[in-house]
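The values are calculated or read from the model by the stated rules, or taken from the named source; none is laboratory data. Keep in mind it's a predicted model, so treat the numbers as computed, not measured. Using ideal geometry, Cβ is built from the backbone for each residue, glycine included, and neighbour counts are taken over all protein chains shown. Ligands, DNA and RNA are stripped out before the accessible areas are found, and what is left, the full protein with its side chains, is counted by its heavy atoms. Shrake-Rupley method; radii C 1.70, N 1.55, O 1.52, S 1.80 Å.
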Amino acid sequence: MSITQLPSTEVGERHPGFECGNICRPEELSRNVDVSGLVDRQTGLVDRVIFTDRTLYEQELARVFATSWLFLGHVEQLQKAGDFFTTYMGEDPVIVTKDKSGSIRAYLNSCRHRGARVLRADYGKARNFTCTYHGWSWDLAGKLISVPNEEGYANANFDRDDWGLVEVAQLDVAFGLIFATWNPDAPPLDEQLGDMKYYMEAFLGRDPEGTTIVGGITKWVLKGNWKLAAEQFGTDWYHVNMSHASALMVLSPTGKGPKESIANTPGRQYSDERGNGTGFPTHPKSRFDAQPVHEYYDYDELRERLGTARVEGPMTTGHATVFPNFSYLPVNGSIRVWHPKGVDEMEIWSWTVLDKSMPEDVREAQRLYNLRTFGPSGIFEQDDGENWSEVQSISHGWRTNTVPLNYQMGLGSERHDGVYPGETSELYSDAAGRRFYGRWAELMNTPAWHETRNVHE
Amino acid sequence: MSEEGIVVAQVGDIDEGEGIQIEAAVLGTVDNVAVFNDDGEYFALDDTCTHEVASLSEGWVEDGCVECPLHAAKFCLGDGSVQSMPATVDVYPHRVVLDGDDIRVIPNPERLA
């Protein structure tokens with residue numbers, strides 16, 4: 001038996017960083033679609049195919065998710081060496097753990113032997129990571145330490161050091177949130193967040209002691225492309241009065257709906273060239289929170305420490321997305337990640353964040369409030385999920401799919417307003433959406449680090 | 001009786017559900033010895049799993065058994081007998097006596113170096 005090597009294999013992609021032998025992926029398997037005609041930032045139009053095409057989706061995993069900083073979890077999920085939790089980076093399963101030196105590490109949760117998930121638990125405590133398929137084991141530092149029947153590899157030039165767990169290229173923590181990237185060339189997390197940190201601090205820096213989380217992560221599956229959710233949390237206040245009308249009626253103190261000044265609140269929407277976005281009312285009473293939580297906060301102290309503009313802006317009922325798929329709601333204490341699961345489906349993983357200094361009754365009030373509003377059956381979450389699934393369910397139709405979508409609200413209105421860092425537009429705006437898809441298209445049209453790096457590096 | 005064996009630890013040194021490793025040189029044995037605390041009762045076994053190279057002292061102690069930290073083979077704390085695959089060979093047990101707060105191990109004669 002002989003396998004003839006074709007010319008295309010010579011220039012193909014070779015996976016850098018680990019034992020490859022003569023494995024060389026041919027060019028035909030790479031995804032390199034030019035998306036410059038699918039996202040038009042100038043006119044504010046988007047081709048609907050970006051939500052439905054499988055080739056684009058695979059390119060997205062290789063060029064957007066493989067290059068960006070991705071959210072993994074909260075530092076409070078790891079207390080001691082050996083504590084671990086599992087999550088995803090794009091569609092890649094990862095183990096996040098604390099090694100014996102106390103450093104947070106993240107590894108691809110796939111056995112180097114036959115590829116099974118090494119850990120299947122959501123979280124737990126381990127001394128080693130052992131694959132349940134054939135029993136290869138790694139220590140907390142990702143080093144291969146046991147191979148049953150290892151003498152069988154005697155003629156394979158087998159060296160355990162070549163078969164460690166695949167580790168992320170960079171890992172960093174901001175405001176107690178753990179992020180990592182496969183991209184060794186990615187600019188530091190601090191740079192990716194940039195001015196976004198000012199807005200994040202309004203939520204995650206309310207307590208000088210920092211934040212903690214409610215034990216347990218709520219996870220659910222939803223029909224809809226992941227970008228529909230990420231985009232909305234970055235750029236869309238517009239839907240609130242329409243989609244959430246019933247919830248707003250129920251929640252208003254009078255039961256007759258919010259006052260005109262709150263329903264049509266002024267506000268600002270921040271966006272940047274790295275794809276991040278957040279919008280927030282600037283009406284001091286636009287703070288849909290649980291009463292015990294509201295009473296707990298000393299707003300004068302917060303004004304002094306974080307500035308009035310921040311307390312009456314991004315600390316109100318806002319929404320935010322850190323590119324590509326991490327989002328949060330500052331008042332509700334909801335943080336979430338939109339895991340892509342094919343073009344048509346996402347998994348939503350959602351945490352409730354609490355200030356460390358909150359007394360027990362305030363914690364409980366915040367937990368219940370977040371659950372009731374933005375838990376999987378929350379009165380607001382239900383509205384949002386229904387919209388995304390509805391949009392997705394029809395989007396494969398030929399006529400439907402070929403009609404561009406409108407992201408024109410607030411076109412050209414982004415400016416430095418002298419109050420908020422970076423560029424902001426009105427609250428009702430698609431500015432962050434245009435930048436989200438702009439960044440997406442930029443990454444989609446740039447060969448990623450793993451496509452351009454020399455194999456022998 | 002109190003003169004028997006070698007003092008390897010004090011009561012309180014080994015947390016409930018945990019084990020410690022005693023080096024072979026201390027006891028004059030061919031293998032290191034693992035001493036376990038299972039709900040206040042103390043047991044000692046050869047430390048090395050009979051399946052692959054792993055220290056049973058780092059294993060999980062539960063219901064009279066220790067589970068190997070690498071491949072989950074199980075051994076009876078009392079007599080070292082295999083309770084679960086992938087191991088198929090028993091580990092040797094050693095006797096433990098409590099003398100006040102002293103935990104003494106009497107090495108299994110078959111395992112003396």
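Taking 0.36 nm per residue of separation and subtracting the Cα-Cα distance, full extension of the segment from A:ASP300 to A:GLU27 would add 92.2 nm.
Give the Debye-formula value of log10 I(q)/I(0) at each listed q (0.10 Å⁻¹), with one equal scatterer per alpha carbon of chain A, two decimals each. Ignoring solvent entirely, the Cα scatterers give -0.77.
Protection proxy ranking for B:26-38, A:308-320, using the average of other Cβ atoms within 10 Å per residue and placing the highest first: A:308-320, B:26-38.
Peptide B:55-61 shows a mean partner chain C-beta count of 1 within 10 Å per residue C-beta.
Sorted largest first, the spans of the alpha carbon positions of chain B along the three principal axes are 39, 30, 19 Å. Interface residues of region B:66-84, defined as those losing at least 50 Å² of solvent-accessible heavy-atom surface relative to the isolated chain (probe radius 1.4 Å), are listed as B:LEU70, B:HIS71. Mean separation of Cα pairs under 8 Å and 6 or more residues apart, divided by the residue count, gives chain B a relative contact order of 26 percent.
Each principal axis of region A:194-444 carries a Cα extent, and these read 54, 39, 37 Å when sorted largest first.
Protein heavy-atom accessible surface, 1.4 Å probe, per residue over chain B: 49 Å².
Taking only protein heavy atoms and a 1.4 Å probe, the accessible area of chain A is 51% carbon and sulfur.
Per residue of the protein assembly as shown, the DSSP helices (runs of n ≥ 4 H) give a summed -39500 (n - 2.57) that works out to -5500 deg cm²/dmol at 222 nm. Can you give the net charge of the other residues whose Cβ lies under 14 Å from the Cβ of A:VAL168, counting K and R as +1 and D and E as -1? With Lys, Arg at +1 and Asp, Glu at -1, the neighbours total -4. The count of lysine pairs in chain A with alpha-carbon distances below 21 Å, taking only pairs 8 or more places apart or on different chains, stands at 18.
Answer rounded, prolate or oblate for region A:1-127, using the Cα gyration tensor with square roots of eigenvalues a ≥ b ≥ c: rounded when a/c is under 1.5, else prolate when a/b is larger than b/c, else oblate. Taking the square roots of the gyration eigenvalues as a ≥ b ≥ c, region A:1-127 is oblate. Run the numbers on chain A and let me know its relative contact order in percent, using alpha-carbon pairs under 8 Å that are six or more apart. Taking the mean separation of contacting Cα pairs over the length of chain A, I get 21 percent. Summing both sides, the accessible surface hidden between B and A at a 1.4 Å probe radius is close to 800 Å². Applying a 4.7 Å Cβ-Cβ cutoff to chain A leaves A:CYS20, A:CYS24 as cysteine residues with no disulfide-compatible partner. Once you list every other residue whose beta carbon is under 11 Å from the beta carbon of B:ASP63, what net charge do they have if Lys and Arg are +1 and Asp and Glu are -1? Taking every Cβ under 11 Å from that of B:ASP63, the sum is -3. Between A:GLU347 and B:ASP102, the FRET efficiency from the beta-carbon distance, with R0 = 56 Å, is close to 0.50.
Taking Cα centre as origin and charging only the Cβ of basic (Lys, Arg, +1) and acidic (Asp, Glu, -1) residues, the dipole magnitude of region A:6-160 rounds to 680 debye. Decide, for region B:16-56, between rounded, prolate and oblate: order the square roots of the alpha carbon gyration tensor eigenvalues as a ≥ b ≥ c, take rounded if a/c falls under 1.5, and otherwise choose prolate if a/b is larger than b/c, else oblate. Judged from the Cα gyration tensor, region B:16-56 comes out oblate (a/c at least 1.5, b/c at or above a/b). Report note on the peptides A:243-252, A:284-293: ranked by the mean count of other C-beta atoms within 10 Å, highest first, their order is A:284-293, A:243-252. The residues of chain A have, on average, 45 Å² of accessible surface per residue, using a 1.4 Å probe with all protein chains present.
Shape call for region A:381-457 from the C-alpha gyration tensor, a ≥ b ≥ c root eigenvalues: rounded (a/c under 1.5), prolate (a/b greater than b/c) or oblate?
In terms of gyration-tensor shape, oblate.
Packing, as the average of other Cβ atoms within 10 Å across residues, places the peptides A:428-435, A:265-272, A:54-61 in the order A:428-435, A:265-272, A:54-61, highest first. Electrostatic bookkeeping for A:ARG117 treats Lys and Arg as +1 and Asp and Glu as -1; over the other residues with beta carbon under 13 Å from its beta carbon, the sum is 0. In region A:133-178, the residues whose accessible area drops by at least 30 square angstrom when the other protein chains are added to the isolated chain are A:SER146, A:PRO148; the probe is 1.4 Å and only protein heavy atoms count. The simple spin-label model puts a point 7 Å past each Cα toward its Cβ; for A:VAL419 and B:VAL53 those points are separated by 6.7 nm.
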